[in-house]
Amino acid sequence: MKVLNFLLVICFLQLTACDFAREDTSKDASVHQLAPIHFALSQAPLSLDPRVATDAASERVIRLIYQPLVDFDQHFKPTPKLASWQMVSATEYLVSLRSPRPLFHNEQPLNAEDVKATYDAIIQLANSPLSAEYANIQKITVHDQDHLTFYLKQPDPYFAEKLIIGIMPKRLLEQQHDFARYPIGSGPLAFVEKNNKLVLRRVADGQIITLSEVKDPTVRVLKLLRGETDLLQGELPAELVKYLQTKPEVTVKTGLGANYSYLGLNMQDPVLSNLKVRQAIAHAIDRQALIDKVMVNHTRIAGAILPPEHYAGNHHLKAYDYNPELAKRLLTEAGLSLPIKLVYKTSTDAQRVRIATILQAQMRPAGIELEIRSLDWGTFFEDVQQGNFQLFGLTWVGIKTPEIYTKVFSTNHFPPNGFNRGRFSDAKLDSLLAKEDWQAATDRIHEQLPYIPLWYEGQFAVFNKEISNYLPKSDGNWDDLATIRKYAH
C-alpha cells in the first residue's frame, strides 16, 4: 500500500509538472530586473533573536541578518568576520573591529559598544540558552569605537571560536527592543516583515527574498514545479530528490554534509545504563540500508559528531555492523528477557517518522520492540532538554569546534550547564576531555555509546532554471541567499 501511494504521488507530480515546463532564456542582468525569490521551508524560524534562537531555521536566518565577530573557513578554522583578535594572555583577548565598520540596518554605525552590549545581554538574560556558554567572561572593557578586550575567569584557548553571536545595536538592547520579531542587524539581508511568511531584503541590491513554511514535502515539491516557489533545500525524502533529478525544469545540486544524526540515550534509565544494551542497539541498526532508503546522495555513515575531515576528526572509528544475532546475545548477557521494549521519541516531521519506522523494523529481529512517539517539535524538544526520554533522534547542525564533546558528554555539563541531556558520566572520558585529547576522547565515546552514531547528512538544494549563484553548504546553511539571483522575463 505504501508503494502504491508513493507511485500515485509520483504520477500526480508528473501530471502537474508538465503544465509548468519553462523554456531556458537569457539571464543577462542588463536586460532583466531582479524578481522576488521564494524559498519554501519545512519549518519557519521560531525566533530571530541571536540570544535565544536554537532551532536550525532560526540560526540560518540569523547568520544572514546579523554578523558575528568570527566565522569559520572551509577547514573549520576560525577566521575574522567583523573583527580580528589577539590572545594577549590566557585570560585576555583583544578584539579589533575591521575598517570600515558596517552600518546596522537602521543606518547606525556598529562599534565596540554594540559588541560589549550584545555579549553582556546574553550573560544577563535569564532564559538565554547561551548564558552558560559565555559564563566564563569576567568583564568586557571598551577602549574606543574599534577596540575592546574580553577578560575571562579561566583560561580558554578556544574562546575566539565562540565569538560567533550576531552583533546587535546597544541602543535597541537598552530599549528592550523585540529582536525576536523585528530583528535589526548588519548582515547582508535586512528584515522587512513577518506575517504568513518572512520577507527579507538584500542590502546590496534590494533583492526581495521570502521564506514560507510548507510542512508537507510533496506540497513543497509541487509548489516548486508549479513555479510558486523558487528554491528548496534539504528535508525531502530521497525518492522526491531522485524524482526531481529527472525534471528538466529544475536544477538539483548535491554535496557532502557535516551535520551529524544520532540516537540519544538516557543514561539514567536502568536498562540503557548497561553498556551491553547500548552495544546491542548499535548492532541492531543497518545504517547503510537506512541511508539507501531514505537519505540523499553523499550521505555517509558517521562515527563521531565532527566529521573525519575536521582538524579534530577521527577517521579511525569503525561503524558498528548490523548484526541482530549479536544484538540478541548481548541483551541476554545483560540479563534481559527478550524482547525488550524501548520508547523512541521523535518529531512529527514526515522524514523523521519514516526513519523511526524503519528503525523499528530493523530492531525487531534483534529482540528490541521499539515504541514510536512522534510529538510536535516544541513538545519533543522540551522533553529532550528535560531528560524526559529513553531514546530520541536528532541532528547536530553547524558544529565547528571540538569543545562540543565536552559540552555534550562531560559530567560537568548536565543541563542547564551544557548539552549532556542523557546524563552520561564517565571519569575516564572526563579526564581525556580535560586534556583536550580529542582522538582518545572520541575513541572512548565510540566505545561507551552515550550516542548511537548514524550518519552525516548529504546536502542538496533544488531550484528552478531562473535561479543562479546558489549551492548547498556542508552544514546546511543558507549563506548563498546573499548572492542568489533570479531574473524576471
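The values are calculated or read from the model by the stated rules, or taken from the named source; none is laboratory data. Just so you know, these numbers come straight off a predicted model, no measurement behind them. For neighbour counting, all protein chains shown are included, and Cβ atoms are generated from backbone atoms with ideal geometry for every residue, glycine included. SASA here: full protein model, heavy atoms, side chains in, ligands and nucleic acids out. Shrake-Rupley method; radii C 1.70, N 1.55, O 1.52, S 1.80 Å.
Taking 0.36 nm per residue of sequence separation and removing the Cα-Cα distance, the GLN154/ALA204 pair yields an extension gain of 13.9 nm. Which log10 I(q)/I(0) values, to two decimals, does region 335-460 give at q = 0.13, 0.16, 0.17, 0.22 Å⁻¹ under the Debye formula with one point per Cα? Result of the Debye calculation: -0.63, -0.94, -1.04, -1.35.
In units of the compact-protein estimate 2.2 N^0.38 Å, the chain shows a Cα radius of gyration of 1.02.
Taking the convex hull of the alpha carbon atoms in region 336-408, what volume per residue do you get, in Å³?
About 123 Å³ per residue, rounded to a whole number.
For ARG421, the accessible surface of its heavy atoms amounts to roughly 30 Å² (probe 1.4 Å, protein chains only, rounded to the nearest 10). Taking all protein chains together and rolling a 1.4 Å probe, ASP479 ends up with roughly 40 Å² accessible. For region 208-364, the C-alpha radius of gyration sits at 1.26 times the compact-globule guess of 2.2 N^0.38 Å, with N the residue count. Kirkwood hydrodynamic radius of region 215-268, from the reciprocal of the average inverse Cα-Cα distance over all distinct pairs: 13.2 Å. Against the criterion of solvent-accessible heavy-atom surface with a 1.4 angstrom probe, LYS247, LYS473 sort, most first, into LYS473, LYS247.
From largest accessible area down, sort HIS283, HIS315; use a 1.4 Å probe on the protein chains. Let's see the in-between values first.
Numbers: HIS283 20, HIS315 130 Å².
These residues rank, largest area first, as HIS315, HIS283.
Per residue, what accessible area does the chain have, given a 1.4 Å probe and all protein chains present, in Å²?
Values: 21500 Å² over 489 residues.
Value for the chain: 44 Å² per residue.
In this calculation the C-beta distance from ASN106 to GLU333 is compared with R0 = 56 Å, giving a FRET efficiency of 0.30.
Placing +1 on the Cβ of every Lys and Arg and -1 on the Cβ of every Asp and Glu, with nothing else charged, gives the chain a dipole about its Cα centre of roughly 620 debye.
Using only the Cα atoms of region 40-81, build the gyration tensor, take square roots of its eigenvalues as a ≥ b ≥ c, and label the shape rounded, prolate or oblate: rounded if a/c is under 1.5, else prolate if a/b is larger than b/c, else oblate. Prolate shape, in that a/c is at least 1.5 and a/b is the bigger ratio.
Quick one: Kirkwood hydrodynamic radius for region 137-292, alpha-carbon pairs, angstrom, one decimal?
Values: mean 1/r = 0.0462 Å⁻¹.
Computed over region 137-292, the radius equals 21.7 Å.
Ranking MET87, MET295 by solvent-accessible area of protein heavy atoms (1.4 Å probe, all protein chains present), from largest to smallest, gives MET87, MET295.
Across the accessible surface of the chain, with the other protein chains kept in place and a 1.4 Å probe, carbon and sulfur atoms take up 51 percent. When the Cα gyration tensor is reduced to axis lengths a ≥ b ≥ c, the ratio a/c stays below 1.5 for region 52-140, which is therefore classed as rounded. Within the chain, antiparallel bridges make up roughly 80 percent of the DSSP beta bridges whose residues both belong there.
Scalar couplings 3J(HN,Hα) for region 53-68, obtained by applying the Karplus form with A = 6.51, B = -1.76, C = 1.60 to θ = phi - 60°, are 5, 10, 6, 4, 4, 4, 5, 6, 6, 4, 4, 9, 7, 10, 10, x Hz; x denotes Gly and Pro.
Residue by residue, region 355-363 carries 3J(HN,Hα) couplings of 4, 4, 5, 5, 4, 4, 5, 5, 6 Hz when phi is fed to the Karplus relation 6.51 cos²θ - 1.76 cosθ + 1.60 (θ = phi - 60°); x denotes Gly or Pro. When nucleic acids and ligands are ignored and a 1.4 Å probe is applied, TRP377 ends up with an accessible area of around 80 Å².
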